[in-house]
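Asks: Can you read through this structure? Questions will come right after.
The values are calculated or read from the model by the stated rules, or taken from the named source; none is laboratory data. Keep in mind the model is a prediction, meaning the values are calculated, not measured. Cβ sites come from the backbone with ideal geometry, for glycine too, and all protein chains shown count toward neighbours. All accessible areas refer to the heavy atoms of the entire protein, side chains included, with ligands and DNA or RNA removed. Shrake-Rupley method; radii C 1.70, N 1.55, O 1.52, S 1.80 Å.
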Amino acid sequence: MASSASTGPRDLTTGPIGKTLLLFALPTLGANILQSLNGTINAIWIGNFLGEAALAATSNANLVMFLMFAAVFGLAMAATILIGQAMGRRDVDLARRTLGSAIGLIGLLGTGVAVVGWIWSPLVLHLLATPHDALPLATAYLRVIFLGLPFTFLMVLLTSALRGAGDSITPLWAMILNVVLDAGLNPVFIRGFGPIPAMGISGSALATLIAGLVTLIFLVVYIYRKNLVIRLRGTEFAYLRPERGLIGTIFAKGIPMGLTMVVMSASMLAMIGLVNRAGVETTAAYGAISQLWSYIQMPAFAVGAAVSAMAAQNIGAGRWDRVGRVTLYGAGINVLMTATMIVLITLVDREVLGLFLTPSSPAVPVAQHIHLVASGSFVLFGVSMVMTSVVRANGAVVAPLVILFIAAFPARFGLALLFLPHYGPEAIWWSFWAGSISSIILTGAYYRWGGWRKAHLLEETRASA
């Protein structure tokens, strides 16, 4: 492992925890920011070149894509945890077998989804009640996006596997390449350039497809040129045939993790339903500040990914003395990064909100008030995310899903719905604290007293495989 690790992936079971964790998390944070900016840039291209109907079409199509990515995200994270533990145990063969089975599984699923999606796109969009004017555009866009899903799915898997093996730099370079290609090719294919004809909304989807394919090729070439530990050679290519035992573990652990994204999105939609009752001004304010909140929450996801990779390797190596310290350092780094983001946005909130609202809009002070009341709750959310990432690193995935559901619906949404008739929109903003407090209490209790430490994920996987 040592010879390969030196070229990219690193051993996360030795050395200073705080410095290593921070240096591991920062590239992941950068990749998350770039991914968010890419979506914003593409929306600007489509809205300016093709109009509101095209923008509405992509919004409806993206709802379908989100459900697809939620499933693949969960499976990729499950494979990453197994790879991380195997790397910590120095079981390189199991790491390669896990990645091979995951590539075979996700490649087959992606191909099947692409075929079915091409055929059923009109029906799916009809079930979503896509506006009639946007339906033809949404169908054209979604069909091309479906064709590119196998490449995008495998790209997500390889970047996750690299993080599990201790490499967060290469996924950042891959995301930079993906964003440059996607954002750069969008106007070329939408409007046409030289011999390239104008393809409208289909051109936007084609740009995304090409960006995903080129990025996937870059990752594969990089892994083999650097001879990284997760590469397959010779007889190891047989690992691409999914092993029943490994696939069973990936599904068992991956589906609950994928469902967490669904629960979070359902919670956001439920909250928007309450906000809409307060009128257009409040809805506009909430929509604008939510754009900024997406950046405030990014440190939680970046540090969570870093903590998960580091904890998995240390659990695999039996270094439980370091696992607790990983949690503490992760929580501290998360508090520092999230609080810094909140302060920075608070200092320039009026100027930044001007990107989404006119400076004289009455929604601006409403958005500022929402931010002052609720943004601090994301600090607690980040700490909960760190503890959740650690317990997931040992295969405990059901309890975090249940806790998330309780915090999102009975605690946050339930409190907002109960007090909305008495306190108006203020009940919605303060309910964010109810959700975060309940989450950190329940997650902390499970982290302290739950049985997640007794799990033997690697041994059970070896036996079943």
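Asks: Restricting attention to the range 302-325, and to residues there that are aliphatic (A, V, I, L, M) and farther than 26 Å from residue 34 by Cβ, which single residue is most open to solvent (accessible area, probe 1.4 Å)?
Replies: 317
Asks: Within the bounds of the range 365-381, is there any residue that is touching a residue at least 60 places away in the same chain (Cβ under 8 Å) and farther than 24 Å from residue 349 by Cα?
Replies: Within the range 365-381, none of the residues are touching a residue at least 60 places away in the same chain (Cβ under 8 Å) and farther than 24 Å from residue 349 by Cα.
Asks: Are there helices (runs of 4 or more DSSP H) fully within the range 356-465 with at least 1 residues that are aliphatic (A, V, I, L, M), open to solvent by 20 Å² or more (accessible area, probe 1.4 Å) and more than 23 Å from residue 304 (Cβ to Cβ)? List them.
Replies: Answer list for the range 356-465: 363-374, 414-423, 457-464.
Here is a yes/no grid of residues against (1) among the aliphatic types (A, V, I, L, M); (2) farther than 18 Å from residue 21 by Cα:
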| site | (1), (2) |
| --- | --- |
| 300 | yes, no |
| 304 | no, no |
| 329 | no, no |
| 335 | yes, no |
| 349 | no, yes |
| 354 | no, yes |
| 383 | yes, no |
| 386 | yes, no |
| 393 | yes, no |
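Asks: Can you tell me which of 80, 111 is open to solvent by less than 30 Å² (accessible area, probe 1.4 Å) and either touching an Asp or Glu at 6+ places or on another chain (Cβ under 8 Å) or touching a residue at least 24 places away in the same chain (Cβ under 8 Å) (or both)?
Replies: 80
Asks: I'm checking my understanding of the structure. Among residues of the range 125-156 that are modelled with pLDDT under 85, in contact with a Leu (Cβ under 9 Å, 6 or more places away or on another chain) and buried (at least 21 other Cβ atoms within 10 Å of the Cβ), which one is nearest to residue 255 (Cα to Cα)?
Replies: Step by step, filter the range 125-156, then rank; the result is 125.
Asks: I've got another one for you. Does residue 335 fit the bill of being among the hydrophobic types (A, V, I, L, M, F, W, C), part of a helix (DSSP H, G or I) and open to solvent by 10 Å² or more (accessible area, probe 1.4 Å)?
Replies: Yes, satisfied.
Asks: Let me ask you something else. When residues of the range 34-56 are filtered for being surrounded by 16 or more Cβ atoms within 10 Å (Cβ to Cβ) and either closer than 20 Å to residue 163 by Cβ or touching a Cys at 6+ places or on another chain (Cβ under 7 Å) (or both), how many remain?
Replies: Of the residues in that region, 2 qualify.
Asks: Then there's this: Condition check: outside any helix (DSSP H, G or I) and either at pLDDT below 85 or under 27 Å from residue 245 (Cα atoms) (or both). Does residue 8 satisfy that?
Replies: It is true that residue 8 is outside any helix (DSSP H, G or I) and either at pLDDT below 85 or under 27 Å from residue 245 (Cα atoms) (or both).
Asks: Also, quick follow-up: Please identify the pairs in which a residue from the range 243-258 that is in contact (Cβ under 8 Å) with a residue 12 or more places away in the chain has its Cβ atom under 7 Å from the Cβ atom of a residue that is crowded, with 19+ Cβ neighbours inside 10 Å and among the basic types (Lys, Arg), counting only partners at least 6 apart or on another chain.
Replies: Listed pairs, sorted by first residue: 243/97; 246/97; 257/392.
Asks: Would you confirm, using the coordinates I've provided, whether residue 344 is within 23 Å of residue 433 (Cα to Cα) and surrounded by 21 or more Cβ atoms within 10 Å (Cβ to Cβ)?
Replies: Criteria not met by residue 344.
Asks: Taking the conditions exactly as written (assigned to a helix (DSSP H, G or I), open to solvent by 50 Å² or more (accessible area, probe 1.4 Å), out of contact with any strand residue (DSSP E or B) (no Cβ under 6 Å at 6 or more places or on another chain) and within 23 Å of residue 61 (Cβ to Cβ)), does residue 214 satisfy them or not?
Replies: yes
Asks: Among the residues of the range 185-207, is there at least one that is part of a helix (DSSP H, G or I), free of Cβ contacts under 8 Å to residues at least 12 places away in the same chain and open to solvent by 20 Å² or more (accessible area, probe 1.4 Å)?
Replies: no
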